[in-house]
Structure formats: C-alpha cells, structure tokens
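Asker: Sharing a structure here in structure tokens format.
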Amino acid sequence: MNLIESIIANAPAMAELRRDLHAHPELGYDEQRTAGRVADKLAEWGIPMHRGLGKTGVVGVVHGRDGGRSGRAVGLRAEMDALAIAESNTFAHKSQHPGRMHACGHDGHVAMLLAAAQHLAATRAFDGTVYLIFQPAEEGGGGGRAMIEEGLFDRFPVEAVFGLHNWPGLPEGALAVSAGPVMASANDFCITLTGKGGHAAMPDLAVDPVVLACQLVQAFQTIITRNKKPVEAGVISVTMIHTGEQDNVIPGACELQGTVRTFTTETLDLIERRMRELTAGLCTAFGASHQFEFHRNYPPTINAAYEADFARRVMRSVVGEAGVLAQEPSMGAEDFSYMLQARPGAYAFIGNGAGAHRAAYLGAGPDLGPCTLHNPHYDFNDALIPTGATYWVRLAESWLAHQRHPSTQG
C-alpha cells in the first residue's frame, strides 16, 4: 500500500471521532450534532464551509495553491445519517440512542472524508478546488436530491463527483469500482385488494382477498421469470401482507406492500406495467376490486465510464493492482444516483472485511453477530480510514492535475 503518512499518524484521532459519531446516531434531516462536529473540524483546519443545503448538509471548500483561480473543481461526498435500528453491539461506543444506530457505516464515511479534508487543507498540493460534500438523509430521505434541488452544483460547480461506501465481505481495505450500473433503483408499491368478508366456514358466500393475495404474490414472480429478459436484472419482493382479525372470519380486504429493484428504466417500466395488469386481471377473475400505488424512489446508480476508469487508476496507485477488485453490482439502492444524474462521476466500494475487527473491543466468541450492512451487529472498520482518506486525496489531486475530459466541459 502507498498510504499518506500524515493521514496514518492522525488515524487514531479520526477513529475516536468516528466512534463518537457512532455513539450519537441521528436520522435523516436531523443530523444536527453530526453536522456540527463536521463543521467544527472544518473550521479547525481553516476550511470555509456552507451549511443548510438539504437542511443539515455541510459543504467544505478547499482551494488549492492557486486559490481556486483555475476554475476547475471536483466533488467528494459522504453521508451523515443513521438508521432506525436498535443496536445489538455491547462495545463502549455503541449507540446511546435507543432505536437508532449507524448500521451502514456513514460514521466511517464521514471520518474518511474528514481525514482527507485535513490533509488537503494542510498541503493544498493542487490547483483548483475540492468540494467536500457531507450529505444528510441518504437512508430513504433523498438528501442528495434535496441538496441538488437547493442549488448544490449551481453554488459549487464540479466537473465530476465521487462517492465511496464501505462493503462488508470484501477484503479489508480492498477497493472496487466499475463502469455502468452498480446500485439498483429503489421503488415501492402498495396494493389494496377488496373482496367480500364473511364466515370462514362459508367461503362460498365471500370473496376471499387472502387467496387472491397469495395468487398475486406468485403471479408477480412470473414477471421476473417469464416477462423480463433473463439478462436484465430485476427483483420484486412482497415484504408485507396485512389482513384479518379473527381465525374464523374471512376479511374484507388485504394490503400488500413491497419493493421493486432494477438497473434500467425500461425494465422498471415493464415490471410496473405487468404488475398492474396482473393485479387488475386477477381481481376481475376473483370478483374483487383493488387500488394500486407504485412509487419510483431512487434511480439506479450508474458510474460513468471515464470517471470509473480514472478512479480505478487512482486506486491502483494507493493499494496496488491486487488490491483493486471488480465491483459487483448490488440490488441495494443509493441516492448518490441523483448526483450522478447531475454530474459525471463514480461510486466506489472499500472492503470492510468480515467483521473480525470487532473482536478487539468485544472479544472473540459467537456473540459478535454478522457484520453486514443494516444489521444490528454491524460496525465500521476503523482500519479503513487511512486507505479511504488516501484514496480521496489522491483522487482529488490527480483529477485536478489531469487534462479535463470532454464529458466535463460546460
């Protein structure tokens, strides 16, 4: 590895900051304390900042040795929000707020970007400007979209924007990036089936929405296996079915909710259309009625080819060829997708390992639990901070030093 020595030296302090953020998790658009800690650190290092975009967002501005006069700029983004999950860990920096925890590593993402900010401000070994984007409300709140709608890229114009997310299961400190779709779109649906309630012993006098719901759940899977092209990725998951109050009563209605994930709008259009058609057709066949709601939330996260290749070259300079892996696309979703719709860029992964790092403060044993994203046993691996921060620094310096690519010309 080719890590920056000053970042390595400051890593323990950054790890302490990360654990403080972990102990005080805040949900989307309520990241007041987190944003305050970010702002305090930026001020400590002489970095001008702007607060309030997306309610709690913070943007730090680091001009290079030219004072930013070249007009060139690159954006680096980290998220600040936590999840509404009760933490199961027992270490000293566990969440102090019941029902909330940093189960996705956004505390670590903030720490890596702050570590990079400290070095960039101290050295300013580049011409142009680095914008440090600390974003609220990634976990379903659309904080990235909110910042853009409130003028993020108008006030802080960047040629390209980059994101970095820890990835459990990848080897500790490995980096991965690929062109094309890397995260799926996130969409949800709510279907209310209205039949005719009655006595469970007299089903012939009722129109049973439960049987209809069971048929519909199965029918939806034929969209994936028989309507969608096999080479196109798509997921339909019915995750909630609400109905009934008594074991001897056929309910009058049944509600189904769930999620749809795709990498392309064309596949999403197909799935929504077929879901509507199957719902209407089966309700007609059963003699029931329905209401169908379909909400398109986060779009797919699609890395631009040039920027992904550029990031990959920078990764090689940091962790070596063996440390740079192919980025396997995930059906999870990310609102960095909105930033990539507004500007070219790339969203990369850094390996969080398998969770063994928690043994240092929990001790070995079966009670560690799985260290996976959105899991109550998860914890960010602080050993990643020097690697992630070095990547950020080298990426910003290299981007502002290279000849501007035609895709970023205004």
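Asker: Considering each of 149, 138, 159 in turn, give the residue that is assigned by TED's automatic domain parsing to the domain that holds residue 37, acidic (Asp, Glu) and under 22 Å from residue 350 (Cβ atoms).
Answerer: 138
Asker: I'm checking my understanding of the structure. Among residues of segment 235-264 that are touching a residue at least 60 places away in the same chain (Cβ under 8 Å) and not in a strand (DSSP E or B), which one is surrounded by the most Cβ atoms within 10 Å (Cβ to Cβ)?
Answerer: Taking the candidates together, the pick is 263.
Asker: Looking for whichever is more than 29 Å from residue 25 (Cα to Cα), surrounded by 15 or more Cβ atoms within 10 Å (Cβ to Cβ), β-branched (Val, Ile, Thr) and touching a helix residue (DSSP H, G or I) at 6+ places or on another chain (Cβ under 8 Å) here; the options are 324, 393. Which one fits?
Answerer: Among 324, 393, only 324 is more than 29 Å from residue 25 (Cα to Cα), surrounded by 15 or more Cβ atoms within 10 Å (Cβ to Cβ), β-branched (Val, Ile, Thr) and touching a helix residue (DSSP H, G or I) at 6+ places or on another chain (Cβ under 8 Å).
Asker: Of everything in segment 273-303, what is free of Cβ contacts under 8 Å to residues at least 60 places away in the same chain and not hydrophobic (A, V, I, L, M, F, W, C)? Give them in sequence order.
Answerer: 273, 274, 276, 277, 281, 284
Asker: If I ask for residues that are surrounded by fewer than 16 Cβ atoms within 10 Å (Cβ to Cβ) and closer than 20 Å to residue 123 by Cβ, which ones from segment 25-44 would you list?
Answerer: 43, 44 - these are the residues of segment 25-44 that are surrounded by fewer than 16 Cβ atoms within 10 Å (Cβ to Cβ) and closer than 20 Å to residue 123 by Cβ.
Asker: Any residue at all in segment 262-283 that's more than 24 Å from the chain's Cα centre (by Cα), within 30 Å of residue 1 (Cβ to Cβ) and aliphatic (A, V, I, L, M)?
Answerer: No, there is no match, as no residue in segment 262-283 is more than 24 Å from the chain's Cα centre (by Cα), within 30 Å of residue 1 (Cβ to Cβ) and aliphatic (A, V, I, L, M).
Asker: Cβ-Cβ distance below 9 Å, separation of 6 or more or different chains: which pairs start in segment 213-233 with a residue that is not assigned by TED's automatic domain parsing to the domain that holds residue 329 and end on one that is part of a loop (DSSP other than H, G, I, E, B) and among the aromatic types (Phe, Trp, Tyr)?
Answerer: These pairs meet every condition: 232/263; 233/263.
Asker: Restricting to segment 139-164, name every residue that is within 27 Å of residue 10 (Cβ to Cβ) and out of contact with any helix residue (DSSP H, G or I) (no Cβ under 7 Å at 6 or more places or on another chain).
Answerer: Those that are within 27 Å of residue 10 (Cβ to Cβ) and out of contact with any helix residue (DSSP H, G or I) (no Cβ under 7 Å at 6 or more places or on another chain): 156, 158.
Asker: Are there any pairs with C-beta distances below 7 angstrom linking a residue in segment 105-127 that is aromatic (Phe, Trp, Tyr) to a residue that is surrounded by 24 or more Cβ atoms within 10 Å (Cβ to Cβ), with the two at least 6 apart or on different chains, and if so which?
Answerer: The qualifying pairs are 126/396.
Asker: Quickly run through segment 272-324 and pick out the residues that are under 30 Å from residue 223 (Cβ atoms) and charged (D, E, K, R).
Answerer: 272, 273, 274, 276, 277, 293, 296
Asker: Report yes if some residue within segment 343-355 is surrounded by fewer than 22 Cβ atoms within 10 Å (Cβ to Cβ), part of a helix (DSSP H, G or I) and of a type outside the set (Asp, Glu); otherwise report no.
Answerer: Within segment 343-355, none of the residues are surrounded by fewer than 22 Cβ atoms within 10 Å (Cβ to Cβ), part of a helix (DSSP H, G or I) and of a type outside the set (Asp, Glu).
Asker: Scan (1) in contact with a helix residue (DSSP H, G or I) (Cβ under 6 Å, 6 or more places away or on another chain); (2) part of a helix (DSSP H, G or I) for the single condition residue 173 breaks and write down its number.
Answerer: With respect to (1) in contact with a helix residue (DSSP H, G or I) (Cβ under 6 Å, 6 or more places away or on another chain); (2) part of a helix (DSSP H, G or I), residue 173 is out only on (2).
Asker: Any residue in segment 71-87 that is farther than 11 Å from residue 26 by Cα sitting within a Cβ distance under 7 Å of a residue that is modelled with pLDDT under 95 and in a loop (DSSP other than H, G, I, E, B)? List the pairs, counting only those 6 or more apart or interchain.
Answerer: Listed by first residue and then by second, the contacts come to 72/404.
Asker: Could I ask something else about it? Looking at (1) touching a Pro at 6+ places or on another chain (Cβ under 6 Å); (2) farther than 30 Å from residue 205 by Cβ, which one does residue 254 not meet, given that it meets all the others?
Answerer: (2)
Asker: Filter segment 69-101 down to residues that are among the charged types (D, E, K, R) and not in a loop (DSSP other than H, G, I, E, B) and give me whichever is farthest from residue 15 (Cα to Cα).
Answerer: Taking the candidates together, the pick is 77.
Asker: With 3, 17, 53 as the choices, which residue is closer than 25 Å to residue 369 by Cβ and surrounded by 15 or more Cβ atoms within 10 Å (Cβ to Cβ)?
Answerer: 17
Asker: Here's a follow-up. Working carefully through the options 77, 65, find the one that is of a type outside the set (Gly, Ala, Ser) and either surrounded by fewer than 23 Cβ atoms within 10 Å (Cβ to Cβ) or out of contact with any strand residue (DSSP E or B) (no Cβ under 6 Å at 6 or more places or on another chain) (or both).
Answerer: After applying the criteria, what remains is 65.
Asker: Here's a follow-up. Which numbered condition trips up residue 317, out of (1) among the hydroxyl-bearing types (Ser, Thr, Tyr); (2) part of a strand (DSSP E or B); (3) over 15 Å from the mean Cα position of the chain (by Cα)?
Answerer: Unmet for residue 317, out of (1) among the hydroxyl-bearing types (Ser, Thr, Tyr); (2) part of a strand (DSSP E or B); (3) over 15 Å from the mean Cα position of the chain (by Cα): (2).
Asker: Could you list all residues from segment 120-152 that are of a type outside the set (D, E, K, R), surrounded by fewer than 24 Cβ atoms within 10 Å (Cβ to Cβ) and out of contact with any Gly (no Cβ under 8 Å at 6 or more places or on another chain)?
Answerer: Answer for segment 120-152, where residues must be of a type outside the set (D, E, K, R), surrounded by fewer than 24 Cβ atoms within 10 Å (Cβ to Cβ) and out of contact with any Gly (no Cβ under 8 Å at 6 or more places or on another chain): 122, 123, 142, 148, 151.
Asker: Any chance segment 41-63 includes a residue that's free of Cβ contacts under 8 Å to residues at least 24 places away in the same chain, over 27 Å from residue 398 (Cα atoms), in a helix (DSSP H, G or I) and in the same structural domain as residue 139 (by TED's automatic domain parsing)?
Answerer: No, the conditions are met nowhere in segment 41-63.
Asker: Those residues that are closer than 21 Å to residue 305 by Cα, outside any strand (DSSP E or B) and not hydroxyl-bearing (Ser, Thr, Tyr), I need them from segment 176-188; list them, please.
Answerer: 177, 179, 184
The values are calculated or read from the model by the stated rules, or taken from the named source; none is laboratory data. Everything numeric here is computed off the predicted structure, so don't read it as measured data. With ideal geometry, Cβ positions are generated from the backbone for all residues, glycine too; neighbour counts draw on all protein chains shown.
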